[in-house]
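Okay, so here's the structure we're looking at.
The values are calculated or read from the model by the stated rules, or taken from the named source; none is laboratory data. Being a predicted model, the structure only gives us computed values, none of them experimental. Because the Cβ atoms are built from the backbone with ideal geometry, glycine has one as well, and the counts that use them run over all protein chains shown.
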Amino acid sequence: MDSVSAKGGKMVESDEQPERDSGGGGAAMAALHQCELIQNMIEISIPSLQGLRTKCAASNDLTQQEIRTLEVKLMKYICKQLQCKQKVPETERPEALDSYPHLRDWLRTINLRPELIEVPRSPPVSI
């Protein structure tokens, strides 16, 4: 995945540091934008994963392969969000950036039962 369009923006997978402008907020805003784009991809992929787990024959090898592929993809997205967040010093992070990655997305990816995910229904928790 070199680039993905989502809602008019581009998500570029790269390990480069976001450029910093003279105000110091450029890196934080770039990281936030990247996390938002990745979150869009996560929100598209999780329902597909849940559908495969619930509506398809779990014994089918092709289904199992597709489930694993989506799980790996989602874990990469979540890790990329964490990397983007960690590139910005805590003192410069906007509050919105602190909400990424979402713990709930990770719990759904690893297939934790929905009733266990819903229990602590407080504000979103990040990893």
TODO: Could you grab me the full set of residues in the range 81-104 that are crowded, with 21+ Cβ neighbours inside 10 Å and either part of a helix (DSSP H, G or I) or at pLDDT below 95 (or both)?
DONE: GLN81, CYS84, LYS85, LEU97
- [ ] For the range 25-48, state whether one or more residues are of a type outside the set (Lys, Arg), modelled with pLDDT under 85 and either over 16 Å from PRO101 (Cβ atoms) or surrounded by 11 or more Cβ atoms within 10 Å (Cβ to Cβ) (or both).
- [x] yes
